[in-house]
Amino acid sequence: MTFLEPWEALNSSQATVFVREIETEVAPEHPLHRIAFRAIARSRGADDVLVEMDDGRVVAVHLTWSSARERPPYPIHRMYDTLDHWVQQVMLPSTQASRANAEAVHDLTQ
């Protein structure tokens with residue numbers, strides 16, 4: 001899949017770092033505790049990572065980067081039924097916002 005700004009695909013070593021941080025932050029009471037997933041993308045504009053679960057659902061996880069167990073509801077997350085649903089609800093709107101911000105900065109510097 002091609003991700004649009006500010007999202008980018010993760011290589012295997014990047015994905016490992018994100019998965020480790022999620023596993024560190026997620027407490028036993030958190031809905032993502034002991035759920036099988038793989039990290040597939042991240043947002044360069046935020047501490048968000050997109051993970052795909054074995055059943056095809058995707059979850060956007062906002063990491064704290066505390067490197068410690070968090071209290072639920074942290075890390076904050078939002079689940080989407082499919083990758084396409086996430087694209088429509090998150091990636092396309094965030095790409096449009098990113099482009100609008102870039103245009104505004106460009107206009108200010110002219």
| note | Expected vector for the stretch 69-76, Karplus 3J(HN,Hα) from phi with 6.51, -1.76, 1.60 and θ = phi - 60°, integer Hz, x for Gly and Pro, equals 5, 9, 8, x, x, 7, x, 4
| message | What is the angle, in °, between the Cα long axis of helix 12-25 and the longest principal axis of the Cα atoms in the chain? Nearest 10 is fine, range 0 to 90. | response | 60
| query | To the nearest 10 degrees, how steep is helix 92-108 against the longest Cα principal axis of the chain, on a 0 to 90 scale? | reply | 40
| said: Please list, short to long, the whole-number percent of alpha-carbon pairs of the stretch 1-58 in consecutive 10 angstrom bins beginning at zero. | reply: 23, 54, 22, 1
| request: Under a 10 Å cutoff between Cα atoms, tell me which one of Ala15, Ala36, Ala27 has the largest fluctuation in the Gaussian network model of the chain. | output: Ala36
| field | Scattering profile of the chain at q = 0.16, 0.20 Å⁻¹ [log10 I(q)/I(0), Debye over alpha-carbon scatterers] | value | -0.72, -1.03
| field | GNM top mover of Val17, Val58, Val26 - the chain, alpha-carbon springs below 10 Å | value | Val17
| task | Calculate the dipole size of the stretch 33-97 relative to its Cα centre from +1 charges on Lys and Arg beta carbons and -1 charges on Asp and Glu beta carbons; express the result in debye to the nearest 20. | result | 260
| note | Val90 neighbourhood, Cβ < 12 Å, K/R = +1, D/E = -1, net charge -1
| remark: The simple spin-label model distance between Ala46 and Arg34, using points 7 Å out along Cα→Cβ, in nm, is 3.0
| query | Which whole-number percentage describes the relative contact order of the stretch 7-108, with Cα contacts under 8 Å and a sequence gap of 6 or more? | reply | 23
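Every read-out reported here was derived from the displayed coordinates using simple, explicitly stated rules and does not represent laboratory data. What you see is a predicted model, and the numbers here were worked out from it, not measured in a lab. When we count neighbours, we look across all protein chains shown, and the Cβ atoms used for this are built from the backbone with ideal geometry, even at glycine.
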